[in-house]
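Asks: Please see the structure below; I have some questions.
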Amino acid sequence: MKRVMILLPTLNEEEGLAGVLPRLPRAQLAELGWEIEVLIVDGGSVDSTIQVANEHACDVLPQQGKGKGAAMRLGFLTFLRSECDALVMLDPDNTYHPEEIPKFLRHLEHADVVVGDRLRGDMDPDAMTRTNYFGNHILTWIAVALYGVPMNDLCSGYWAFTKQAIARLKLNSMRFEIEAEMYTSCAIEDLSIHHTPIRYSKRLGEAKLGSVKDGWNIFRKLLVRRIFTSPHQKRLGEGNLNIR
Ligand SMILES: Nc1nc2c(ncn2[C@@H]2O[C@H](COP(=O)(O)OP(=O)(O)O)[C@@H](O)[C@H]2O)c(=O)[nH]1
Ligand SMILES: [Mg+2]
């Protein structure tokens, strides 16, 4: 059996997490030869997120400090040190559908990285605000214009990676610019990306992303990585290996 790590970032995500964990397609994945390991990186939830995680026997890693970017990098580092062969990350806020994990793993057989595409997928009418829909399209367009590497949905929170791919990423994002930096790093490292349309639904619980401020940070990250292709060595070490 191969092992896949399912990486879930949480910050006060009790409702979403309780909905997502029972829906992980364990039996179907086992049939395809995959065993699951669930890793939750928590940013200091004060609701019952941790309790929900414990009820489902998931590994929980509390993150030092805040930010989805820092959480994902801690998750990636843990994955690199684990016995797992592949990693799938998705936000457990009810927007992404864990039933689609097998599809990601199938595509990972012929690509280094698989990205779920909400913008050409099956989006529920109430899933995304107009501002975010517009912002996602603009940022994706800017990314492709700057890097020349195809991308359909820059800010998607549903990605799959081989271990070799994660080992080559060089990241230092703290917040929601992490996905943009994952794309720039894939482009710079010449990793092959497969895009797969996914379903996208309305989130449960409260959103943590602020459209304008985080949109601006994503734009800035795209520009900065176009000039300085990897994070500053002294502050960040090699690739993911320094998680601060
Ligand atoms: N570990 C951790 N997770 C976070 C943090 N901020 C947000 N998240 C999680 O990251 C995911 C995306 O956040 P969300 O508010 O849904 O942003 P959006 O999907 O881009 O609108 C959710 O699962 C959040 O619970 C954080 O500081 N630490
Ligand atoms: Mg979300």
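The values are calculated or read from the model by the stated rules, or taken from the named source; none is laboratory data. In this text the structure is predicted, and so the values were computed from the model without any measurement. Here Cβ is always computed from backbone atoms with ideal geometry, including for glycine, and neighbour counts include all displayed protein chains.
Asks: For the stretch 174-207, which residues satisfy the criterion of being crowded, with 23+ Cβ neighbours inside 10 Å and assigned to a loop (DSSP other than H, G, I, E, B)?
Replies: Glu177
Asks: Would you call Gly116 within 16 Å of the chain's Cα centre (by Cα), touching a residue at least 12 places away in the same chain (Cβ under 8 Å), on the phi < 0 side of the Ramachandran plot and in a strand (DSSP E or B)? Give the steps one after another, and end with the answer.
Replies: On the way: within 16 Å of the chain's Cα centre (by Cα): yes; touching a residue at least 12 places away in the same chain (Cβ under 8 Å): yes; on the phi < 0 side of the Ramachandran plot: yes; in a strand (DSSP E or B): yes.
So Gly116 fits the description; yes.
Asks: Any idea which residue in the stretch 114-136 is farthest from Pro98 (Cα to Cα), counting only those that are away from ligand 2 (no atom under 15 Å from the Cβ) and either of a type in the set (A, V, I, L, M, F, W, C) or surrounded by 14 or more Cβ atoms within 10 Å (Cβ to Cβ) (or both)?
Replies: So in the stretch 114-136, the residues away from ligand 2 (no atom under 15 Å from the Cβ) come out as 114-115, 117, 120, 122, 125, 130, 134.
Next, only the ones that are either of a type in the set (A, V, I, L, M, F, W, C) or surrounded by 14 or more Cβ atoms within 10 Å (Cβ to Cβ) (or both) stay: 114-115, 117, 134.
Details: Val114: 14, Val115: 14, Asp117: 14, Phe134: 25 Å.
Filtering first and then ranking leaves Phe134.
Asks: Which of the residues belonging to the stretch 43-73 are surrounded by fewer than 23 Cβ atoms within 10 Å (Cβ to Cβ) and near ligand 1 (Cβ under 10 Å from one of its atoms)?
Replies: Narrowing the stretch 43-73 to residues surrounded by fewer than 23 Cβ atoms within 10 Å (Cβ to Cβ): 43-48, 50-51, 54-67.
Passing the criteria: Gly43, Gly44, Ser45, Leu61, Pro62, Gln63, Gly65, Lys66, Gly67.
Asks: Here's another thing I want to ask about it. Out of all the residues in the stretch 16-37, which are within 16 Å of ligand 1 (Cβ to nearest atom) and more than 16 Å from His97 (Cβ to Cβ)?
Replies: none
Asks: A further question follows. Which ranges mark the strands (runs of 3 or more DSSP E) fully within the stretch 25-107 that have 3 or more residues being acidic (Asp, Glu)? Please lay out each step first, then the result.
Replies: On the way: elements: 34-42, 59-62, 86-89.
The qualifying strands (runs of 3 or more DSSP E) are 34-42.
Asks: Need pairs with beta-carbon distance below 6 Å; first residue closer than 17 Å to Ser156 by Cβ and within the stretch 205-219, second modelled with pLDDT of 90 or more and near ligand 1 (Cβ under 8 Å from one of its atoms); sequence gap 6+ or separate chains.
Replies: Lys208/Leu11; Leu209/Phe176; Ser211/Asn132; Asp214/Phe176
Asks: Evaluate the stretch 90-111: report whether one residue or more is among the aliphatic types (A, V, I, L, M) and free of Cβ contacts under 8 Å to residues at least 40 places away in the same chain.
Replies: Keep residues of the stretch 90-111 that are among the aliphatic types (A, V, I, L, M), which gives 90, 101, 105, 108, 111.
Checking the rest, the ones that are also free of Cβ contacts under 8 Å to residues at least 40 places away in the same chain come to none.
Taking every residue of the stretch 90-111 in turn, none turns out to be among the aliphatic types (A, V, I, L, M) and free of Cβ contacts under 8 Å to residues at least 40 places away in the same chain.
Asks: If Ala111 satisfies every condition in (1) in a helix (DSSP H, G or I); (2) of a type in the set (A, V, I, L, M); (3) surrounded by fewer than 22 Cβ atoms within 10 Å (Cβ to Cβ) but one, which is the exception?
Replies: Just one mismatch for Ala111, condition (1).
Asks: Would you say Pro231 is in a loop (DSSP other than H, G, I, E, B), modelled with pLDDT of 95 or more and either within 16 Å of ligand 2 (Cβ to nearest atom) or over 21 Å from Arg130 (Cβ atoms) (or both)? Outline the logic, then answer.
Replies: On the way: in a loop (DSSP other than H, G, I, E, B): yes; modelled with pLDDT of 95 or more: no; either within 16 Å of ligand 2 (Cβ to nearest atom) or over 21 Å from Arg130 (Cβ atoms) (or both): yes.
In short, no.
Asks: Can you tell me which of Leu74, Leu39, Leu61 is of a type in the set (A, V, I, L, M), free of Cβ contacts under 8 Å to residues at least 40 places away in the same chain and touching a strand residue (DSSP E or B) at 6+ places or on another chain (Cβ under 8 Å)? Full working, then the answer.
Replies: Details: Leu74 fails: free of Cβ contacts under 8 Å to residues at least 40 places away in the same chain; Leu39 fails: free of Cβ contacts under 8 Å to residues at least 40 places away in the same chain.
Criteria check complete, one pass: Leu61.
Asks: Can I ask one more? Being part of a helix (DSSP H, G or I), of a type outside the set (Val, Ile, Thr), farther than 25 Å from Thr10 by Cβ and modelled with pLDDT of 95 or more: is that true of Ala165 here?
Replies: Values: part of a helix (DSSP H, G or I): yes; of a type outside the set (Val, Ile, Thr): yes; farther than 25 Å from Thr10 by Cβ: no; modelled with pLDDT of 95 or more: yes.
No: the conditions fail for Ala165.
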